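One structure below.
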Amino acid sequence: MSEFAERRRMMVDTQVRPSDVTKYPIIDAMLAVPREAFVPDAQVEGAYADQNVPLGDGRVVVEARTLAKTLDALDINNDELVLTVGCGLGYTAAVIARMAQMVIAVEEDEALARDAAAQLLEVGADNAIVHPGALVSGAAEHGPYDVIFVEGAVETLPDSLLDQLKDGGRIAALFMSGSVGEVKIGYKSNGQTSWRFDFNATAPVLPGFEAAKEFAL
């Protein structure tokens, strides 16, 4: 077993399984996808640390626990179309690609989008497509989606993104309020999305998802 394969196994055994994530497709995907291939060269040694991995400019690869618990709550099936928003270098898209029928991964940073597309191809995730464009815009032309996964934190979520979710679909987002973050799962029914709290986590707020600042006189 290679050094990184061993680190992957340790990540799953010490960060994922103890978080009550036991679904085989999630465990299998996180054991298979080389996390070290989806972080900047300077961060390779810390790719499997129990923390968010910096991508630069306030962007991160979310920690394995947060990803695994969110995927557990979303319960993605192999016939579903998934939108990931803020794909960074493509790690989450690569993991979900092993669980879903197709993944559309939105990234607005041109360098990240280019590198993500190349890396997803490199690991054989040929059912994951990188869509360059504003994160808040999603990718309506490829939708509607069974599942939307927002990869990073939000303070507010635009209706234009919720509109891309199928009726009966699920959306996951990490809502930050100050330093406190709550991962919530939204369920869409009859055009309305109802949210339920799942667990606490933290990550930087994605560009475009900041709450409007209120100025007091």
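The values are calculated or read from the model by the stated rules, or taken from the named source; none is laboratory data. Being a predicted model, the structure only gives us computed values, none of them experimental. A quick note on method: Cβ atoms are made from the backbone with ideal geometry, for glycine too, and the neighbour counts reach across all protein chains shown. Note: accessible area is taken over every heavy atom of the protein model, side chains too, but ligands, DNA and RNA are not part of it. Shrake-Rupley method; radii C 1.70, N 1.55, O 1.52, S 1.80 Å.
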Just give me a number: lysine pairs in the chain, eight or more positions apart or cross-chain, with C-alpha atoms less than 27 Å apart.
-> 10
How big is segment 49-125 on each of its three principal axes, counting only the C-alpha atoms and giving the largest first in Å?
-> 33, 26, 20
State, to one decimal in nm, how far the label point of ALA5 lies from the label point of LYS23, with both points 7 Å from Cα in the Cβ direction.
-> 2.7
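Sort the following peptides by mean Cβ neighbour count (other Cβ atoms within 10 Å, averaged over residues), highest first: 123-129, 19-25, 29-35. Please report the intermediate quantities before stating the final value.
Details: 123-129: 17.1, 19-25: 13.6, 29-35: 18.7.
Taking the mean over residues of other Cβ atoms within 10 Å, the ranking is 29-35, 123-129, 19-25.
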What is the projected area of the convex hull of the Cα atoms of segment 89-217, averaged over all directions, in nm²?
-> 9.1
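With only Lys, Arg, Asp and Glu charged, each at its Cβ (+1 for the first two, -1 for the last two), find how big the charge dipole of the chain is about the Cα centre; round to the nearest 20 debye. Could you put the intermediate results ahead of the total?
Values: 17 positive and 33 negative charges, 107 e Å.
Its charge dipole is roughly 520 debye.
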Place a +1 charge on the Cβ of each Lys and Arg in segment 51-98 and a -1 charge on the Cβ of each Asp and Glu, then give the dipole magnitude about the Cα centre in debye, rounded to the nearest 20.
-> 180
Note, segment 57-69: 3J(HN,Hα) by Karplus (6.51, -1.76, 1.60, θ = phi - 60°), whole Hz, Gly/Pro = x, goes 6, x, 9, 9, 8, 5, 4, 4, 4, 4, 4, 4, 5
Cα-based Rg then Dmax for segment 7-105, in Å, read 12.6, 37
Contour minus Cα-Cα distance for LEU31 and ASP126 (0.36 nm per residue) = 32.4 nm
Which value results for Rg/Rh of the chain when Rg is the Cα radius of gyration and Rh the Kirkwood radius based on the inverse mean 1/r?
-> 0.94
Excluding ligands, DNA and RNA, the carbon-plus-sulfur percentage of the accessible area of the chain with a 1.4 Å probe reads 49
Spatial separation of Cα centroids for segment 126-163 and segment 89-116, in angstrom = 11
